[in-house]
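Take a look at the structure below.
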Amino acid sequence: MSRPEFQAPPEIYYGDTEAKKYTNNSRIQQIQADMTYRALELLSLPSDQPALLLDIGCGSGLSGEILDEEGYNWVGVDIAPSMLEVALEREVEGDLFLQDIGQGFGFRPGSFDGAISISVIQWLLNAETSHPTSSPPHRLTRFFTTLHAALRNPSRAIFQFYPTSDDQVQLITSIAQKAGFGGGVVVDYPNSNKARKVFLCLFVGGGGGQQVPKGLEVD
Amino acid sequence: MVRLITHNLLACHAKGCTSNNFPLQLKDVQVELRDAEYNADFLRGFISRIEWPALVDAARQLGDTSLPNEPPEMMDDDFLQKLHHVLLEIHIEEGAMICPNCAHVYPISNGIPNMLLAEHEIG
Ligand SMILES: [Zn+2]
């Protein structure tokens, strides 16, 4: 089966049936949980300091439940109403917004202590209409520029995603850098087809003192 | 589930709408109260991020008059409890948020605000 992002836009692909199927699949739950914990680790927030986080593409709240357990306050945005519906049913604690991240955010400067995003930004690489504002570079630029503004200085944004080529990684990283972010890509288990995971670790500020973390390796 | 903490962070993001676009005006809202875990450290760390007059206005509009016009210098437990309630326990379930500048309406239904813009409103 081809990747979901090639089949239909996310709000169509994750309709009622798919949203429930996705959320109730225990294998997906486990993978999403593992990646959320890893994203939190890469976020490397000061310990014992409560924080307000942004969950980009929060979906049905699989990552949000972990943010709840870990004691974070959070705001989640997603473009698929059916996924948000499921998140409501699961009674997550975060505030949920129906939002197209490619249209950009309106959060005031310095609103969030950090952001995480699990299996989402590859969706921004598909043009949905022929209108110029919906080209992937346009959407990525609005997304990263308004996200950069919404984050505190210093802070981090961690994105686990599924790129299909090095060109895609290049495009995403270069637009993020133009928007003001530092950082780069972390690949966990690069030599394992199954366990390999790509994380984009973006930094706001920090005076160049923030180093891109190392990927995990099998020992 | 728009709480006032989030409302206080939210400005209009329509194309060209860059001034007088905060706070979004609340219209025809229905609220629900839900207990949230009290965390004094979070509140102390967060208070510098709050646009105070906007928070006080929004709370009063929703019938909560517990907050003073200015944040007090002494953040005692009594004050922090009130702040906790206003920021994290009042949930806007229905209604709308309207931009004071461009008048864009962000409807709130079933606790979820619709932030989607039309093609001509995208920057
Ligand atoms: Zn506006």
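The values are calculated or read from the model by the stated rules, or taken from the named source; none is laboratory data. These numbers come from a predicted model, not from an experiment. Glycine also receives a Cβ, built like all others from the backbone with ideal geometry; neighbour counts cover every protein chain displayed. Ligands, DNA and RNA are excluded from the accessible area calculation, which covers all protein heavy atoms including side chains. Shrake-Rupley method; radii C 1.70, N 1.55, O 1.52, S 1.80 Å.
Of note:
- When the criteria are applied in full, residue B:53 fails the requirement of being modelled with pLDDT of 95 or more, within 16 Å of the ligand (Cβ to nearest atom) and open to solvent by 40 Å² or more (accessible area, probe 1.4 Å).
- Of A:85, A:65, all but one fail to be facing chain B (nearest Cβ under 10 Å), acidic (Asp, Glu) and part of a helix (DSSP H, G or I); the exception is A:85.
- Residue that is surrounded by the most Cβ atoms within 10 Å (Cβ to Cβ) [pool: residues in segment B:81-107 that are more than 16 Å from the ligand (Cβ to nearest atom) and free of Cβ contacts under 8 Å to residues at least 60 places away in the same chain]: B:83
- Residue among A:149, A:115 that is closer than 28 Å to residue A:3 by Cα, touching a Lys or Arg at 6+ places or on another chain (Cβ under 9 Å) and modelled with pLDDT of 95 or more: A:115
- Only one entry of A:57, A:71 meets the criterion of being open to solvent by 10 Å² or more (accessible area, probe 1.4 Å), away from every other protein chain (no Cβ under 11 Å) and either under 28 Å from residue B:108 (Cα atoms) or basic (Lys, Arg) (or both), and that entry is A:57.
- Answer residue from segment B:1-50, given it is open to solvent by 80 Å² or more (accessible area, probe 1.4 Å) and among the hydroxyl-bearing types (Ser, Thr, Tyr) and is farthest from the ligand (Cβ to nearest atom) among those: B:48
- Tallying residues that are within 17 Å of residue A:55 (Cα to Cα), part of a helix (DSSP H, G or I) and touching a residue at least 12 places away in the same chain (Cβ under 8 Å) within segment A:12-44 yields 12.
- Of all residues in segment A:112-160 being in contact with a strand residue (DSSP E or B) (Cβ under 7 Å, 6 or more places away or on another chain) and within 10 Å of another protein chain (Cβ to nearest Cβ), the one that is surrounded by the fewest Cβ atoms within 10 Å (Cβ to Cβ): A:152
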